Amino acid sequence: MLSKDQIETYQRDGFLVVDDFVPPRSRARLRERAVEIVDAWEPSEQRSVFTTNEQERVSDGEFLASGSSIWCFFEEDAFGPDGELTQPKELSINKIGHAQHDLDDEFERFSYDPRLAEITTDIGLVDALALQSMYIFKQPHIGGEVGCHQDSTFLYTDPMSVTGFWFAIEDATLENGCLWAAPGGHLGPLRQLFKRSPSGDGTVMEQLDDTPLPEPPPVGSELVPLEVAAGTLVILNGQLPHWSDVNRSGTSRHAYTLHCISGTADYPDWNWLQRPADMPLRPLA
């Protein structure tokens, strides 16, 4: 699937932009299905919020169980001072996660694309397994910042192998919160590990290395914007620092992410995302 130049670019930069990977009809079907899931979803009294900024602060039972389910997570700014939604539910959801690639027919069809299996072979991801999926809405005006982070912090294997496949379902621009990445940043150390608490009822963040992550603009200069058109695939090395801003526009920025790991690597049981024994990870191929 990938040319020699593309593979070399990925190895050098830690990310690769592949244009025109997802045809319009496939994008439309996935978007329609995501909207259907949100429409049918009835939130519990515990309204789960997702954020990469201090996620340990808002980790709850739904979050920790979502590795084997389909759950909707609210934006942090979706609620007013009275605790009620300030706009309709369908405009208040941050994302759907984290097992729709195995539990929903449309997401399964999209995720187990034979071309992805070929790409994992091209980039050296051995015996790739589909671990986690997220449909991200990046809602108009309230789509939250995703702080600069490394995916291996949240999905760790030994040796490190997690790889993100990020699909632009809609155009991603500077105005609506496109991805920003630090070219070559995957060659640096892993800064943190996000773990289940020993008690099993929460999470903690463990500091591994004090090297600071890149500062977002306008302060930092290490991050470069990845403005991409709908249909683009962005491949992200798990150690690559990346960030996205708040959506300050009136246009959403829907995207779908599938995280994969090597089947030959160890996946510790302190990772926050766990599956029951009767729901093993499936190979992409």
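The values are calculated or read from the model by the stated rules, or taken from the named source; none is laboratory data. Since the structure is predicted, the reported quantities are computational estimates derived from the model, not experimental observations. Glycine gets a Cβ as well: all are built from the backbone with ideal geometry, and neighbour counts include every protein chain shown.
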- If we ask which residues in the range 117-140 are of a type outside the set (Gly, Ala, Ser), touching a Lys or Arg at 6+ places or on another chain (Cβ under 7 Å) and surrounded by fewer than 24 Cβ atoms within 10 Å (Cβ to Cβ), their number turns out to be 2
- Taking Ile261, is it in contact with a Gly (Cβ under 8 Å, 6 or more places away or on another chain), buried (at least 23 other Cβ atoms within 10 Å of the Cβ) and in a strand (DSSP E or B)? no
- For the range 54-158, which fully contained helices (runs of 4 or more DSSP H) count at least 2 residues that are modelled with pLDDT of 95 or more and within 26 Å of Ser244 (Cα to Cα)? 100-103, 105-111, 114-122, 151-154
- Task: Scan the range 220-241 residue by residue and report those that are touching a Pro at 6+ places or on another chain (Cβ under 7 Å) and surrounded by fewer than 17 Cβ atoms within 10 Å (Cβ to Cβ).
- Result: Gly220, Val224
- Listed residues Leu208, Leu179, Leu155; which is of a type in the set (A, V, I, L, M, F, W, C) and surrounded by fewer than 14 Cβ atoms within 10 Å (Cβ to Cβ)? Leu208
- Identify all residues within the range 264-281 that are among the basic types (Lys, Arg) and part of a strand (DSSP E or B); write none if there are none. none
- Message: Anything in the range 242-251 that is surrounded by 21 or more Cβ atoms within 10 Å (Cβ to Cβ) and either closer than 18 Å to Ser66 by Cα or of a type in the set (Gly, Ala, Ser) (or both)? List them, or say none.
- Response: Ser244
- Task: List every residue pair whose Cβ atoms sit under 8 Å apart, with the two residues 6 or more apart in sequence or on different chains, where the first one lies in the range 1-17 and is closer than 17 Å to Glu222 by Cα and without any contact (Cβ under 8 Å) to a residue 24 or more places away in the chain and the second, anywhere, is hydrophobic (A, V, I, L, M, F, W, C) and part of a loop (DSSP other than H, G, I, E, B).
- Result: none
- When you scan the range 67-116, how many residues do you find that are in contact with a Gly (Cβ under 7 Å, 6 or more places away or on another chain), crowded, with 19+ Cβ neighbours inside 10 Å and in contact (Cβ under 8 Å) with a residue 40 or more places away in the chain? 4
- Item | Flag for Val219 being part of a strand (DSSP E or B) and either at pLDDT below 95 or within 25 Å of Asp19 (Cβ to Cβ) (or both) | no
- Task: Return a yes/no flag: does the range 228-250 have any residue that is part of a loop (DSSP other than H, G, I, E, B), acidic (Asp, Glu), at negative phi and in contact (Cβ under 8 Å) with a residue 40 or more places away in the chain.
- Result: yes
